[in-house]
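Report on one structure; see the data block that follows.
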Amino acid sequence: GTLNFLAMVENLQGDSGRGYYLEMLIGTPPQALNILVDTGSSNFAVAGVPDPDVTSYFNPELSSTYRSQGIDVTVKYSQGSWTGVLGTDVITMPKGLYGSYTINIATILESENFFLPGVKWHGILGLAYDALAKPSSSVETFFDSLVRQAKIPNIFSLQMCGAGLPVSGSGTNGGSLVLGGIEPSLYTGDIWYTPITEEWYYQVEILKLEVGGQNLELDCREYNADKAIVDSGTTLLRLPEKVFSAVVQAIARTSLIQEFSSGFWTGTQLACWDKTEKPWSLFPKLSIYLRAENSSRSFRISILPQLYIQPILVIGDNLQCYRFGISSSTNALVIGATVMEGFYVIFDRAQRRVGFAVSPCAEADGSPVSEIEGPFTTADVASNCVASISVHEPVLWIASYALMSLCGLILLVLIILLLIPPRCQHRYTDNDVVTDESSLVRHRWK
């Protein structure tokens, strides 16, 4: 058997601030690199040249098994981008999946805001669907290659253990990426599943948000504008602008003291308290309701403030400063590391669903900082909270054809007007000599 789930436990290191990464051996002879685990993209890419922010990189010239495909590829993320060239090579993973596999690798030749100072990883492992792969969905993803070559089940699961620990601490918080299944020791209680609504990102359907047990009362489509995804490569919980301001208002109302500068909520300022104080008691719990597999039911995942009020740095001897682990987003609700650190998350591609279970490492001072409850009825929400592509694509087509027709019509009218001989225009005769005085521009006429 190629699978040993227990050997995969604790195969990740990292923190919620800078991501969780897996050690991988690439090429022949093997070059060891740390690879960021990202469920929000679909390319496998590694630094291919030295970079000031990268401690090591993959040198394809030193690998006898590397084959270039000579295809350029560029990938843009919500922050940062890179450009590189596509090739293939063999990889092995020291922890848990035995055997070596041939996979597509993009070697990164140029990047912008991608490798950041202090990150301990040198590449990225995109675990989303081939629809997002660049330059086209015909580039087989890392996980699809594994499923095909290692014949493992089409499912992986992820536990990130950084709850309550400093965001940019020693970077050894640990976590587990289990390839091919579910490891029972990584969760307690039941696994609750929500359907994947579309296979590109891991897009799910959010029905409701509660702050401190109070429903935000927004139209459920606002929570899915224009998509809601589960993305380990995003640090924070990101909320569409409307939802974000409603959440901030609700948290500010609930938190017992209201003297937070707006900079704290927008992420430009930290809030600091005496080390002896734990500020978490001032903040409410946050609940996200997801549609269950039985569509008339839902369940909720809740995070306590220990997950979203995140310790960042210590000032002097007695001040601990925290950041707000939620930010606004223009194009998606993103369940990022802030939330995922509370749960063992199962990406069950075979059955097109994402599962959540309470993670035993999600605790602070001995008590859990996350919870899952259900089932609840969905009678109070719309039967569909996702602006589904199948609906909005035809609408866009109709709108664009209508606009094109309108433009065509206007153009036609203009052409006709140009072609009609100008009749009612005043024709100048010899008597109408333009003198200095009558000339609008008052040029001297020579």
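Side notes on the structure shown:
- When the criteria are applied in full, GLY70 meets the requirement of being on the phi > 0 side of the Ramachandran plot and more than 21 Å from the chain's Cα centre (by Cα).
- Within the stretch 44-66, the residues that satisfy the criterion of being open to solvent by 10 Å² or more (accessible area, probe 1.4 Å) and within 20 Å of THR235 (Cβ to Cβ) are ASP53, VAL54.
- Output for the stretch 168-227, where each listed residue is closer than 29 Å to TYR77 by Cα, open to solvent by 40 Å² or more (accessible area, probe 1.4 Å), assigned to a strand (DSSP E or B) and of a type in the set (D, E, K, R): GLU198, GLU199
- Flag for VAL413 being within 25 Å of the chain's Cα centre (by Cα), over 25 Å from GLU198 (Cα atoms) and modelled with pLDDT of 75 or more: no
- Candidates SER298, SER287, SER302, SER327, filtered to the one that is in contact with a Gly (Cβ under 7 Å, 6 or more places away or on another chain) and open to solvent by less than 10 Å² (accessible area, probe 1.4 Å): SER298
- Unique match (being open to solvent by less than 40 Å² (accessible area, probe 1.4 Å) and on the phi < 0 side of the Ramachandran plot) among SER145, SER111, SER100, SER136: SER145
- LYS278 vs. criteria open to solvent by 20 Å² or more (accessible area, probe 1.4 Å) and closer than 24 Å to VAL358 by Cβ: yes
- Within the stretch 341-374, the residues that satisfy the criterion of being part of a loop (DSSP other than H, G, I, E, B), on the phi < 0 side of the Ramachandran plot and not acidic (Asp, Glu) are GLY342, ARG349, ALA350, GLN351, SER359, PRO360, CYS361, ALA362, VAL369.
- Here TYR21 fulfils each of the conditions (1) under 17 Å from THR107 (Cβ atoms); (2) open to solvent by 10 Å² or more (accessible area, probe 1.4 Å) apart from (1).
- Residues located in the stretch 68-97, provided they are open to solvent by 70 Å² or more (accessible area, probe 1.4 Å) and within 20 Å of MET8 (Cα to Cα): LYS95
- Here the stretch 372-386 is the region considered, the condition is being open to solvent by less than 80 Å² (accessible area, probe 1.4 Å) and among the β-branched types (Val, Ile, Thr), and the residue that is farthest from GLY355 (Cα to Cα) is VAL381.
- Residue in the stretch 251-267 that is in a loop (DSSP other than H, G, I, E, B) and among the hydroxyl-bearing types (Ser, Thr, Tyr) present: yes
- Among the residues making up the stretch 70-82, those that are out of contact with any Ser or Thr (no Cβ under 6 Å at 6 or more places or on another chain) and either in contact (Cβ under 8 Å) with a residue 24 or more places away in the chain or within 29 Å of SER329 (Cα to Cα) (or both) are ILE71, ASP72, VAL73, VAL75, LYS76, TYR77, SER78, GLN79, GLY80, SER81.
- Of everything listed in (1) at positive phi; (2) under 28 Å from the mean Cα position of the chain (by Cα), the single unmet condition for PRO94 is (1).
- Verdict on SER41 being modelled with pLDDT of 95 or more, buried (at least 22 other Cβ atoms within 10 Å of the Cβ) and not assigned by the TED database to the domain that holds GLY355: yes
- Among the numbered conditions (1) farther than 12 Å from LEU25 by Cβ; (2) part of a loop (DSSP other than H, G, I, E, B), the only one that SER111 does not meet is (2).
- In the stretch 312-321, the residue that is nearest to VAL230 (Cα to Cα) out of those that are assigned to a strand (DSSP E or B) and open to solvent by 10 Å² or more (accessible area, probe 1.4 Å) is ILE312.
The values are calculated or read from the model by the stated rules, or taken from the named source; none is laboratory data. Everything numeric here is computed off the predicted structure, so don't read it as measured data. Note that each Cβ is placed from the backbone with ideal geometry, even for glycine, and that neighbours are counted across all protein chains shown. Calculation scope for accessible area: heavy atoms of the full protein, side chains included, ligands and nucleic acids excluded. Shrake-Rupley method; radii C 1.70, N 1.55, O 1.52, S 1.80 Å.
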